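Laboratory data are not the source of any read-out in this text; all were calculated from the coordinates shown. Quick caveat, the model's predicted, so the values are computed rather than measured. Because the Cβ atoms are built from the backbone with ideal geometry, glycine has one as well, and the counts that use them run over all protein chains shown.
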Amino acid sequence: MSATFDTIANIIAETCDIPRDSIKPESHAINDLGIDSLDFLDIAFAIDKAFGIKLPLEQWTQEVNDGKATTDQYFVLENLSARIDELVAAKGAA
Amino acid sequence: MRLEYFQLIDRIVDLDLAGRKISSEAVVPETSTIFEGHFPGYPLMPGVLLIETMAQTSGWLVVAMNRFKRMPFLAAVRDAKLRTFVTPGQRLAVTAELAHDGSGYAMTDARIACDGKAVCSASLTFSVISFPNAEMRQRMRDTAERIGLPSTEALADG
């Protein structure tokens with residue numbers, strides 16, 4: 001598993017009091033782990049701080065609402081990890 | 001404070017957008033029907049309204065930082081500590097600073113002091129969205145002008 005996934009999983013476990021071993025790369029944050037929108041703000045804050053980025057939650061939400069993306073693309077943890085890696089890389093290239 | 005209108009901030013003392021900080025002043029009214037229940041014979045400013053005072057101060061910071069384009073709505077209160085009683089007539093110094101500016105949310109750390117002594121503090125989370133309608137935006141601008149939020153004309157787009 002990637003270091004990014006481990007960081008996200010630890011954040012989710014601590015923030016939402018979810019057993020760490022139940023958090024897997026294929027877990028969907030909302031559908032599988034039961035994280036609601038308010039809890040996800042806490043997670044987003046911790047991720048923003050941990051990686052020095054700003055998760056574009058509003059953009060992602062709009063894309064899902066417009067049918068341009070599925071929630072899986074952003075909230076399945078292995079996909080979320082990939083999105084975070086992209087944001088970190090983009091920040092480093094800027 | 002205009003307690004009956006739930007407008008708890010009397011004036012903005014300082015707005016520092018670069019420093020992401022704000023300070024305000026609020027004077028607890030001498031009389032209010034709220035004190036008849038809280039408590040009979042021993043009037044105290046309710047702790048939840050002190051939290052609301054911190055939230056409103058924080059909210060004005062978020063409104064200003066978003067140039068009156070977006071409105072913060074309180075979503076979470078964390079680590080609220082109510083350290084001492086607040087009585088009618090007391091003058092409160094409220095401060096808030098932006099702890100994090102997220103996408104569609106904001107977090108602040110706020111405090112209230114009275115005569116230099118700590119009264120309460122809390123960490124607040126706001127959901128930040130576009131104003132639901134033009135009327136609300138205009139009414140907020142009117143209130144901002146009344147309480148002296150600096151440079152509201154410069155902050156507001158047409």
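The Cβ shell under 12 Å around A:Asp17 holds other residues with a net charge of -2, Lys and Arg each +1, Asp and Glu each -1. Residue by residue, the stretch A:51-56 carries 3J(HN,Hα) couplings of 9, x, 10, 10, 4, x Hz when phi is fed to the Karplus relation 6.51 cos²θ - 1.76 cosθ + 1.60 (θ = phi - 60°); x denotes Gly or Pro.
The distance from the alpha carbon centre of the stretch B:87-106 to that of the stretch A:31-90 is 27 Å, rounded to a whole number. Taking only alpha carbon atoms, the stretch B:67-158 gives an Rg to Rh ratio of 1.02, where Rh is the Kirkwood radius.
Placing dummy labels 7 Å off each Cα toward the beta-carbon, the span from A:Asp6 to A:Val64 is 2.8 nm.
Kirkwood analysis of the stretch B:1-51, using all unique Cα-Cα pairs, places the hydrodynamic radius at 12.4 Å. Quick check on the protein assembly as shown: what does the Kirkwood estimate of hydrodynamic radius come out to from the alpha carbon pairs, in Å? With all distinct Cα pairs of the protein assembly as shown included, I get 20.1 Å. Between the helical axis of B:134-147 and the longest alpha-carbon principal axis of chain B there is an angle of about 60 degrees.
Specify, per residue and in Å³, the volume enclosed by the convex hull of the alpha carbon atoms belonging to chain B.
Normalising the Cα hull of chain B by residue number yields 110 Å³.
What FRET efficiency comes out for B:Ala18 versus A:Asp72 if R0 is 41 angstrom and r is the Cβ-Cβ distance? Round to the nearest 0.05. Show your work: numbers first, answer last.
Working: r = 40 Å, r/R0 = 0.98.
About 0.55, to the nearest 0.05.
What do you get for the angle between helix B:47-65 and the principal long axis of chain B? Use alpha-carbon atoms, 0 to 90 degrees, nearest ten. In chain B, helix B:47-65 runs at an angle near 20 degrees to the longest axis.
Under Stokes-Einstein, with the Kirkwood radius over Cα pairs standing in for Rh, what whole-number D in µm²/s applies to the stretch A:1-50 at 10 °C and 1.306 mPa s?
Numbers: Rh = 10.8 Å.
The Stokes-Einstein estimate is 147 µm²/s.
What is the stretch A:31-93's relative contact order, in percent, from Cα pairs under 8 angstrom and six or more apart in sequence? Before the final figure, lay out the partial values.
Details: 24 pairs, mean separation 16.5, N = 63.
Relative CO of the stretch A:31-93 lands at 26 percent.
Between A:Ala89 and A:Lys49, the FRET efficiency estimated from the beta carbon spacing at R0 = 25 angstrom works out to 0.85.
Please tell me the relative contact order of chain B in percent, rounded to the nearest whole number, where contacts are Cα pairs under 8 Å and at least six residues apart.
Here the relative contact order equals 26 percent.
For trypsin sites (Lys or Arg not before Pro), the sites in the stretch A:1-90 that DSSP calls loop and that have at most 10 other Cβ atoms within 10 Å are A:Lys68.
In this Cβ point-charge picture (+1 for Lys and Arg, -1 for Asp and Glu), the stretch A:3-93 has a dipole of about 300 debye about its Cα centre.
So between B:Thr84 and B:Arg139, what do we pick up on full extension, going 0.36 nm a residue minus the alpha carbon distance?
Working: separation 55, 0.36 × 55 = 19.80 nm, distance 3.36 nm.
My answer for the length gained is 16.4 nm.
Ratio of Rg to Rh for the stretch A:6-88: 0.93 [Cα atoms; Kirkwood radius as inverse mean 1/r over pairs]. Considering only B:Asn66, B:Val28, B:Val86, the residue lying farthest towards the positive end of the dipole of the stretch B:3-135 is B:Asn66, judged by Cα position with unit charges set on Cβ.
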